[in-house]
Amino acid sequence: MRKEEQNMSKKNNDDELITKVIDLCLYHSIEESNFYIQFLGNQAKFYQTHLQYLEDTKPLFFQKKKLEEHNKKIEEYEEKIRDIYLKMGQEVDEIENTHKELSV
């Protein structure tokens, strides 16, 4: 009977330890995601700054080739910003899923 109690106690301790390790890993995953979101936010600011610069240095209407290049760069930067925000949304979804796992 005593041996059974020790085995049950050891199993409970092992299960508790495993749960704590998993929670720790999930916590660090959330922290890593937060840093990634901050990084993506900085990238978006970088491209927004470039967009602002392009708006400030827009070529005159009669400079057709420069104006075409200018518009292509604007489209490129806007697309990159859109992609960054999509990645941020995906990362937020991952954080929400991880929070759900932690609360279960």
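The values are calculated or read from the model by the stated rules, or taken from the named source; none is laboratory data. Nothing here was measured: the structure is a model prediction, and the numbers come from that model. In this analysis, Cβ positions are derived from the backbone assuming ideal geometry, glycine residues included, and neighbour counts consider all displayed protein chains. Accessible surface is based on the protein model in full, side chains and every heavy atom, while ligands, DNA and RNA are left aside. Shrake-Rupley method; radii C 1.70, N 1.55, O 1.52, S 1.80 Å.
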Run THR49 past the list (1) β-branched (Val, Ile, Thr); (2) loosely packed, with under 13 Cβ neighbours inside 10 Å; (3) more than 25 Å from VAL92 (Cβ to Cβ) and report the number of the one that doesn't hold.
(3)
Looking at region 14-35, is at least one residue basic (Lys, Arg), part of a helix (DSSP H, G or I) and more than 29 Å from ILE95 (Cβ to Cβ)?
no
If I filter region 54-93 down to residues being open to solvent by less than 100 Å² (accessible area, probe 1.4 Å) and outside any helix (DSSP H, G or I), which single residue comes out as nearest to ILE37 (Cα to Cα)?
THR57
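Collect the residues in region 73-104 that are without any contact (Cβ under 8 Å) to a residue 60 or more places away in the chain and hydrophobic (A, V, I, L, M, F, W, C), keeping them in residue-number order. I'd like the intermediate steps shown before the answer.
Pass one, region 73-104, residues without any contact (Cβ under 8 Å) to a residue 60 or more places away in the chain: 73-93, 96-97, 100, 103-104.
Correct list: ILE74, ILE81, ILE84, LEU86, MET88, VAL92, VAL104.
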Determine, yes or no, whether HIS70 is free of Cβ contacts under 8 Å to residues at least 40 places away in the same chain, on the phi < 0 side of the Ramachandran plot, out of contact with any strand residue (DSSP E or B) (no Cβ under 9 Å at 6 or more places or on another chain) and not β-branched (Val, Ile, Thr).
yes
Can you find, within region 94-104, the residue that is farthest from ALA44 (Cα to Cα) among those that are in contact with a helix residue (DSSP H, G or I) (Cβ under 9 Å, 6 or more places away or on another chain) and open to solvent by 80 Å² or more (accessible area, probe 1.4 Å)?
GLU101
